[in-house]
Amino acid sequence: MPPSDSQFIAKVKRANPSLVASWAKRQAKTVAARGGYLVTKMDDEARRYARVSHNDAVPLPAGAEQTLRMDNPQLVALQSAYDSLDVAATAHTQWRQSFLKRNLSLAWFRGDNAYVWQFRQLRNAAEARMYLTLLDVESRDRLGLLKRLEEDGTFGAWTFTYGNRPPVSRDLLDSVNEISYLDAQMGLSSIEGLRVLDIGAGYGRMAHRVSAGLPNLARYDCIDGVATSTFLCDYYLKFREVPEFVRAVPLPDYETLADEYDIAVNIHSFSECSMEAIGWWLDRIAERNIEWLYIVPNTPHQLLSTELDGTMQDFSHLVKAAGYEQVDERPVYENDELRALIDLHDTHFLFRRADASQ
């Protein structure tokens, strides 16, 4: 009668303990293979697609590492002010401190993290997929932004270079794509004295790109329900030396926002908030004279919230209740084959104030 597995392991362990681990790994792989799964060790390239990462090829600017710390007194004070604010926008269902600790390296905030997925969006073959994304965005770049806006790879951004083209990143491509869409749909670049309210502005990427690309811009206010985002946004806008009319507004100062804007934008933010928080923000929009509302959700063809219990609810009725009618909806990437290849099906939603369209 053959010995049992436990007897076998005991004998092997006495002879060579390392063989036990090797045998256990082989057994685990065999069981997984029978179930249709391949178990293999990820190399450094593969790890990029599964976790927070950043590109350190470009060193941090002087003083950045000392400033961009969670224990920075300015951030600590800002967090305290946010915590003491009794508004729905601070009741987070996704962007809690535990989420930030897992998904953000503060000094490398433009890497692959909570603010923008790069490798995790593209998975394997990132260079080829980014090239196809570039071609799609390039085909609609009527303003020539890809030739004028620069990507320097600072703060951990992953960059890609193709032929004689300047380097690109997801930050740059998303921004050019969004500006191009808004220009085509509502003439963003032709509005004299353009005023933008950016709700859920993150680290300020869109504010940076709009201020650098559109000479008609007169005001750009960034506001966010997350203290860390406001802290980063203020730092980043100053680093980019944007005009004085581009600013990060702390949430406790939300009543100092202007009474009028031409457009309010919300890019991948409402989708990460509760219905209550979204309603609060839409009330702030409804209080002001804002003709256009632009929303990019995290889900295709639907405006869905993220609730505390993990469920998602349609908030389109809240947009309508705020006085806005939908005037356009289309995929962020218009090439059908590209969307299938990179498995990204985000959608542009453009709304107009009902009394403005009459």
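Using C-alpha pairs below 8 Å separated by at least 6 residues, the relative contact order for the stretch 240-304 is 42 percent. Here the dipole of the stretch 114-214 is about 160 debye; that uses its Cα centre as origin and unit charges on the Cβ of Lys and Arg (positive) and Asp and Glu (negative).
Tell me, what is the percent relative contact order of the stretch 53-136, built from C-alpha pairs under 8 Å that lie six or more residues apart?
32 percent
Once a ≥ b ≥ c are taken as the square roots of the eigenvalues of the Cα gyration tensor of the stretch 84-191, is the result rounded (a/c under 1.5), prolate (a/b larger than b/c) or oblate (a/b not larger than b/c)? The shape class here is oblate.
Each peptide among 204-211, 54-61 gets the average number of other Cβ atoms lying within 10 Å of its residues, and from highest to lowest they stand as 204-211, 54-61. Straight-line cross-link partners of Lys147 among the aspartates and glutamates, defined as a Cα under 14 Å from its Cα and at least 8 positions apart when in the same chain: Glu138. Taking trypsin sites (Lys or Arg not before Pro) across the stretch 239-326, the ones in a DSSP loop with at most 14 further Cβ atoms lying within 10 angstrom of their Cβ are Arg288. May I ask you to derive the relative contact order of the stretch 202-358, considering only C-alpha pairs under 8 Å and at least 6 residues apart, and to give it as an integer percent? It comes to 18 percent, rounded to a whole number.
Remark: the stretch 259-358 carries 45 Å² of accessible area per residue (probe radius 1.4 Å; ligands, DNA and RNA excluded).
If a/c stays under 1.5 just call it rounded; otherwise compare a/b with b/c (prolate if a/b is bigger, oblate if not). Do that for the stretch 264-358, with a ≥ b ≥ c from the square roots of the Cα gyration tensor eigenvalues.
Details: a/c = 2.60, a/b = 1.29, b/c = 2.01.
It is oblate, given that a/c is not under 1.5 and a/b is not larger than b/c.
Carbon and sulfur together cover what percent of the accessible area of the stretch 71-220 at a 1.4 Å probe radius? For the stretch 71-220, the apolar C and S fraction of the accessible surface comes to 50 percent.
The values are calculated or read from the model by the stated rules, or taken from the named source; none is laboratory data. Source: prediction; values computed, not measured. Because the Cβ atoms are built from the backbone with ideal geometry, glycine has one as well, and the counts that use them run over all protein chains shown. The protein model used for the area step is the full one, side chains on, heavy atoms only, and it has no ligands, DNA or RNA in it. Shrake-Rupley method; radii C 1.70, N 1.55, O 1.52, S 1.80 Å.
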